[in-house]
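The values are calculated or read from the model by the stated rules, or taken from the named source; none is laboratory data. All of these numbers come straight from a predicted model, not from anything done at the bench. All Cβ positions, glycine included, derive from the backbone under ideal geometry; neighbour counts span all protein chains shown. Note: accessible area is taken over every heavy atom of the protein model, side chains too, but ligands, DNA and RNA are not part of it. Shrake-Rupley method; radii C 1.70, N 1.55, O 1.52, S 1.80 Å.
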Amino acid sequence: MDYDYLIKLLCVGDSGVGKTSFLYKYTDGVFHTQFISTVGIDFREKTVIYQQNARQHRIHLQLWDTAGQERFRSLTTAFYRDAMGFLLLFDLTNEASFLEVRNWIEQLKTHSLSDDPDIVLCGHKCDLQEKRLVNQNRAREFAKNYNLLYLETSAKTGQNIDRAIEILLDKIMYRMETSVEYAMLCASGRRRQSLQRLQAKQDRKLCSC
Amino acid sequence: MSESPRRLHPPAGAAPDARRRSEGAKETAGAEPAEPRRASDTAARSLPRRSVSERRCTNSSINSERRRYWGGGSEPRTSVTSQVSQMQNYRRETGQPKAGVVITSFRQSHRSFGKDLLWSSTSTAAVAFAVATSASSNPRSPPPTSPPQTRRDSVISTAATMRVLNVLRHWISKHSSDFWSDERLRGLTMDFLKEIEASPGLLPAEHKSAAQLLRLLERPPDRTVDLKALFMPPRVPTKENIETLSALEIAEQMTYLDYQIFSSIHSEEFLGQAWTKSDKAVRAPHILMMTAHFNHISNLVISEILKKNTLIGRVAAIEKWAAVADIARCLHNFNGVLQICAALSNTSIFRLKKTWEKVSKTSKQTIERMQTLTSSECRFRVLREALHRCDPPCIPYLGMYLSDLSFIEEGTTNYTPEGLLNFSKMRMIAHVIREIRNFQHTPYKIDHIPKVCEFLLDRGLVIPEERQYTLSLELEPRAARGSSAGLHPAPASPASPAAQRRRRASLAALAPLAPLKADH
């Protein structure tokens, strides 16, 4: 498999908010019937072409969710550190899952490497309008307070599924671009050490290989 | 008795157990058509395997047997005994048909009867099997040349009796917990077996078989560990700590405890993502216990490290737990390895830069090796390979299977667009559960050491999760945080397809937003 960048995204949220179906929809429902017996094939992967300043990058996305393992809390928090961006889902028809979003943000801030991780907040299952319990304005207001982007998504209709990941990818690529440029200025021969120092100073994620 | 033997719904008033199983019956119903040849195929195929799908078959057929014999009142019972006596006569004439080899004996009898032809040429083993699987009901339209009804009946009932006994033996020996968790089922089965044992017309082999099964049902299985009592936190705080206990003792007792829960998980708990549903405590109690215990041990490991005020103490604690994890790995207790790896890669421990600097090189290498082993990369690729290579006893990491099951459940529908059962999905689920069951069956030869288990189960030793991070900050204030990540590679560093690129991936963990060039 050929690609320029490997980017790992993590999908978080209460169990039952539809994380798996979200990612499943995004990967075009590609599901290998043999995937259980084939070791190492991950259906939560997708390679996309990303346009940046007239340059095309092949980006290999790894989409992670902790489906089924949510209760192994001590283990799942370790996943946060490896992700470069987060999709934070709640269920628009389940108020409790919305109230939990605050805790999720705290968790991400504690356990991810950045104090200000890239997060896109998704109100999921927006096709179920008649069962909806979380008002759109309320969710927008909340997202604004936490400086998050907010989208309403549905795995059933496919609404905003691709969009949510594109937006998150934009944020990550922007951060990476600015970081790389900044790193280019500072890093000379002993790039790694200087980058480490830089990171210690700013606690920002940057590196170029 | 004349109606179709495959019933989709349990009879009114059936035990809740029967109702539950009827789901299995529904699923397998499609696989057991009335058509004789395929019925025999199904039967023949299902016998030698140890699989969950088979279990479903077994359950469903037993279910219909149960309904036939016990659901329908007294009529079926009398018919069993009467046929049985006829069968005895038949057996005397022909000699020796062996128990269990229904098809063969059938064919032999065909030949041995010579002029007095018992069976028409249209009779095949498949027909006999079809009849046998529908128990003692008569064939709908006997061929014109068919022999007197009584003889035919007797052979058929031989087949039926043996088949019922075989199915029962399989159910009782492979899934005995079904009987010990349902007194009514056990009682009915024992009544039935006693009746077979007492009926004078049956062959000695059949009596013997019934008696054997009865004995199995009378004596509770040897391994009746009371999980609740075993996992009860000690009344008085334990005096032990990681310095007083040896790494071997800790690893063995961790394995002992893990195996006790793991082997008690019922296959039903894995169905329908029961462990995530609101009634999870009823439907998946052992899975919940497994996860709770996993988190407890991880938190214990974190706490035992954070409790040490001195850097030297923390280093020693980390090295001790690394040794424990390494022994757990040798014991094939991958669950235990993950418990400790999860703790060591928890933010509160992972960020302790100064501590990690002092950890010995060998311990770091051990930890690194184990983190590669338990990496969630590519759906736990390395762990899966290790599991497929290793011989039981073994405790796999359950979360991996729970993820698989979640993806299967959510990624595919239960029914095809034509409204038929989605068999490939059911097979995938069965495949996962069978793999788990394989590991459940081989116990460890480890003796229970109460004082070590008390240490492992003492809730009082655990620092609450909210407190762990603040305590970690107190031990090593934040300024050091930024570069702490570089000290040892992340447990599950971003995946890159080739092994040689893994080095770079660990660098990427140092700066998670780093562009990772795939090829240079």
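Here is how the numbers come out for the structure above:
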read-out	value
Single residue of the stretch A:77-97 satisfying the filter (part of a helix (DSSP H, G or I) and within 12 Å of another protein chain (Cβ to nearest Cβ)) that is most open to solvent (accessible area, probe 1.4 Å)	A:ALA96
Scope the stretch B:422-454; condition in a helix (DSSP H, G or I) and of a type in the set (Asp, Glu); matching residues	B:GLU435, B:GLU454
Residues satisfying the stated conditions in the stretch B:418-434, i.e. without any contact (Cβ under 8 Å) to a residue 40 or more places away in the chain and open to solvent by less than 60 Å² (accessible area, probe 1.4 Å)	B:GLY419, B:ASN422, B:SER424, B:LYS425, B:MET428
Within the stretch B:301-325, tally of residues that are more than 9 Å from every other protein chain (Cβ to nearest Cβ) and either under 28 Å from the mean Cα position of the chain (by Cα) or more than 20 Å from B:LEU248 (Cβ to Cβ) (or both)	13
Subset of the stretch B:455-493 that is outside any helix (DSSP H, G or I) and at pLDDT 50 or above - its residue that is nearest to the chain's Cα centre (by Cα)	B:ASP458
Qualifying residue in the stretch B:242-262 (condition: aliphatic (A, V, I, L, M) and under 19 Å from the mean Cα position of the chain (by Cα))	yes
Of all residues making up the stretch A:54-69, the number that are more than 7 Å from every other protein chain (Cβ to nearest Cβ) and part of a loop (DSSP other than H, G, I, E, B)	2
Matching residues in the stretch B:329-340 - criterion: being of a type in the set (A, V, I, L, M) and part of a helix (DSSP H, G or I)	B:VAL337, B:LEU338, B:ILE340
Selection within the stretch B:329-354 - more than 14 Å from chain A (Cβ to nearest Cβ) and either in contact with a strand residue (DSSP E or B) (Cβ under 9 Å, 6 or more places away or on another chain) or closer than 14 Å to B:ASN299 by Cβ (or both)	B:LEU331, B:HIS332, B:ASN333
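Here is a yes/no grid of residues against (1) surrounded by fewer than 18 Cβ atoms within 10 Å (Cβ to Cβ); (2) within 14 Å of chain A (Cβ to nearest Cβ):
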residue: B:THR416; (1), (2): yes, yes
residue: B:GLN440; (1), (2): no, no
residue: B:HIS448; (1), (2): yes, no
residue: B:PHE455; (1), (2): no, no
residue: B:GLU474; (1), (2): yes, no
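Residue by residue, here is whether (1) open to solvent by less than 10 Å² (accessible area, probe 1.4 Å); (2) in a loop (DSSP other than H, G, I, E, B); (3) within 13 Å of chain A (Cβ to nearest Cβ) holds:
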residue	(1), (2), (3)
B:ILE327	no, no, no
B:TRP356	yes, no, no
B:CYS378	no, no, yes
B:GLU385	no, no, yes
B:ASP404	yes, no, yes
B:ILE408	yes, no, yes
